[in-house]
1. Is there any pair linking a residue in region 146-175 that is in contact (Cβ under 8 Å) with a residue 24 or more places away in the chain and over 26 Å from Tyr51 (Cβ atoms) to one that is of a type in the set (Phe, Trp, Tyr) and crowded, with 19+ Cβ neighbours inside 10 Å, with Cβ under 8 Å and at least six apart or on different chains, and which?
2. If Thr90 passes every condition in (1) part of a helix (DSSP H, G or I); (2) closer than 26 Å to Ala33 by Cβ; (3) under 26 Å from the mean Cα position of the chain (by Cα) but one, which one does it miss?
3. Restricting attention to region 103-144, which residues are within 14 Å of Thr75 (Cα to Cα) and under 30 Å from the mean Cα position of the chain (by Cα)?
4. Name, by its number, the condition in (1) without any contact (Cβ under 8 Å) to a residue 60 or more places away in the chain; (2) among the small types (Gly, Ala, Ser); (3) surrounded by 17 or more Cβ atoms within 10 Å (Cβ to Cβ) that does not hold for Ala103.
5. Confirm whether Asn176 is of a type in the set (S, T, N, Q), part of a helix (DSSP H, G or I), exposed (fewer than 15 other Cβ atoms within 10 Å of the Cβ) and at pLDDT below 90.
6. Would you check if there is a residue in region 138-158 being surrounded by 21 or more Cβ atoms within 10 Å (Cβ to Cβ) and of a type in the set (Lys, Arg)?
Amino acid sequence: MKNKRTPIIITIVVILIAVISIFSWMNRTYDKAIILQEEVDKAWGDVVSQYQRRADLIPNLVNIVKGYAEHERETLAEVIEARSKATSTTIDANNLNAESMKAFQQAQGNLSSALSKLMVVVERYPDLKANQNFSELQAQLEGTENRISVHRMKYNESVRNYNTHIRGKFRKWALNVFGEEDEFTKREMFEAVTQNAEEAPNIEF
């Protein structure tokens, strides 16, 4: 005679399997969000590190230029002021919202523009261009600009992956259940705020 409890047991087993599967999927979704979030934070740290490297090179660059082109004070002052504003405009990785990102990009873009103007000035001074210390700084600055571009692209890619993951309807529900309020929020990408801002300043001689 067939056991009357068999359908009930089967139903319970099916429900348990479904619950375990859903819980497991939610856990994986949460863990992946954490990993992607950490990748964004690391990528942003790399971007900031390269911008700081550029800022660290500028004082020596300005001093060398001043020695050959002291009367170009206005251009040098613009670079110094832009550097000061860029280094004071910082963003924590957890505060990458549209407003703070726009301010950061604008400050760094202004510094790039000031550096470009300085490089135009340098063209007027052959002796300065031939200075070994200046040439070494120029090479370091050019390499830093290239690394900035690379790390910005990597950062944008990490943000794209993270934002795509947390915006899925069911994934968002799972993250709200597992995570704390506002633990996973959209991160802003690094976009050009001025024409050709994605390009490194022309510092080749």
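The values are calculated or read from the model by the stated rules, or taken from the named source; none is laboratory data. Treat the numbers as computed from the prediction; the structure is a model and nothing was measured. Cβ sites come from the backbone with ideal geometry, for glycine too, and all protein chains shown count toward neighbours.
1. Pairs that qualify, where the first residue is in contact (Cβ under 8 Å) with a residue 24 or more places away in the chain and over 26 Å from Tyr51 (Cβ atoms) and the partner is of a type in the set (Phe, Trp, Tyr) and crowded, with 19+ Cβ neighbours inside 10 Å, are Ile166/Phe184; Leu175/Phe184.
2. Thr90 satisfies every listed condition except (1).
3. Asn110, Leu111, Ser112, Ser113, Ala114, Leu115, Ser116, Lys117, Leu118, Met119, Val120
4. (3)
5. Details: of a type in the set (S, T, N, Q): yes; part of a helix (DSSP H, G or I): yes; exposed (fewer than 15 other Cβ atoms within 10 Å of the Cβ): yes; at pLDDT below 90: yes.
Spelling it out, Asn176 is indeed of a type in the set (S, T, N, Q), part of a helix (DSSP H, G or I), exposed (fewer than 15 other Cβ atoms within 10 Å of the Cβ) and at pLDDT below 90.
6. Yes, the conditions are met somewhere in region 138-158.
Every residue, every condition in (1) crowded, with 16+ Cβ neighbours inside 10 Å; (2) modelled with pLDDT under 90; (3) closer than 30 Å to Asn163 by Cβ, yes or no:
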residue	(1), (2), (3)
Gly67	no, yes, no
Ala86	yes, no, yes
Asp92	no, yes, yes
Arg124	no, yes, no
Ala130	no, yes, no
